[in-house]
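Values quoted throughout were computed directly from the atomic coordinates according to the rules given, and no laboratory measurement underlies them. Given the structure is predicted, the values throughout are model-derived calculations rather than measurements. Note that each Cβ is placed from the backbone with ideal geometry, even for glycine, and that neighbours are counted across all protein chains shown.
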Amino acid sequence: MRLSLDHGYEVVGVCREQSVFKLDDFSDKIAIVPGSTDDRDVIQYLKYYSFRSRDELEELAKAVEEEPFRRAAQRALADDLTSLTHGEAETERVKAAAAALFGGGELTTLDASTLTAALSEAPHVEIPNTSELPLLVDLFAETGLVGSKSEARRTVGEGGAYVNNERITDPDARADAQTLLPGGWLLLRKGKRNLAGVRVGSA
């Protein structure tokens, strides 16, 4: 969402009434429409807003029925709407950024504005760029990815701590200037899906 706003797009957020508060940070920048839909309606929306073939729609309908947890149809609809609104190149850029954040692509291919837009929506902290940066385990604790520094050390020992998608094995390791991504960012990850950011030089 922040990425779209940063590029000057108008954004309309549609969400369940009980989840409207989650968009409070954007309430003065976007239109928020409370509402809810049945997930099974996604196929009807694909018929309206995409140019997929009948065979593709049937395959997606089958996926909704048999494996709804994979949300294949919802992702297809999101891709098609993004392409319809912003073009296929922008859709591919957003998908590449999402993949890179979770270890499925190369982080160094992302520019500073993309990283800033993505990581600003995740838990993050900002620290000054000093001659010696904090221990990485301290940053895991400071961003809230773990509850304490001791838990951060355990996570490192168990092989579940990553910095810029690289597993860290030394609990006393520190970041340095060569580690920083464009925009002065570090991407911290615990396990497969818990992300946080550290921006160096902005505090």
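Quick notes
- Estimated inter-spin distance, GLU106 and GLU88, nm [label 7 Å along Cα→Cβ]: 2.3
- Of the residues LEU119, LEU77, the one with the fewest other Cβ atoms within 10 Å heads the list, and the complete ranking is LEU77, LEU119.
- For GLY201, distant residues with modelled amide H under 5 Å away: ILE127, ASN129
- Each residue of region 42-59 is assigned a 3J(HN,Hα), and the resulting list reads 4, 5, 5, 5, 4, 5, 6, 10, 10, 10, 6, 6, 4, 4, 5, 5, 5, 5 Hz, derived from the Karplus form 6.51 cos²θ - 1.76 cosθ + 1.60 (θ = phi - 60°), x at Gly and Pro.
- Which of LEU57, LEU136, LEU101, LEU188 has the fewest Cβ neighbours within 10 Å, and the rest in rising order: LEU57, LEU101, LEU136, LEU188
- Residue order, fewest to most surrounding Cβ atoms within 10 angstrom, among ARG75, ARG93: ARG75, ARG93
- Normalised by the number of residues in region 114-200, the mean separation of alpha-carbon contacts (under 8 Å, six or more apart) gives a relative contact order of 38 percent.
- HN-Hα J in Hz across region 87-94 - Karplus 6.51, -1.76, 1.60, θ = phi - 60°, x for Gly and Pro: x, 5, 4, 5, 4, 5, 5, 5
- Working from label points 7 Å from Cα in the Cα-to-Cβ sense, the ARG70 to PHE51 distance is 2.6 nm.
- In nm, spacing of pseudo-spin labels at ASP138 and ARG40 (7 Å Cα→C-beta vector): 5.6
- What the phi angles of region 139-153 give under the Karplus curve with 6.51, -1.76 and 1.60, with θ = phi - 60°, is a coupling list of 5, 4, 6, 5, 7, x, 5, 10, x, 7, 5, 5, 5, 4, 5 Hz, glycine and proline written as x.
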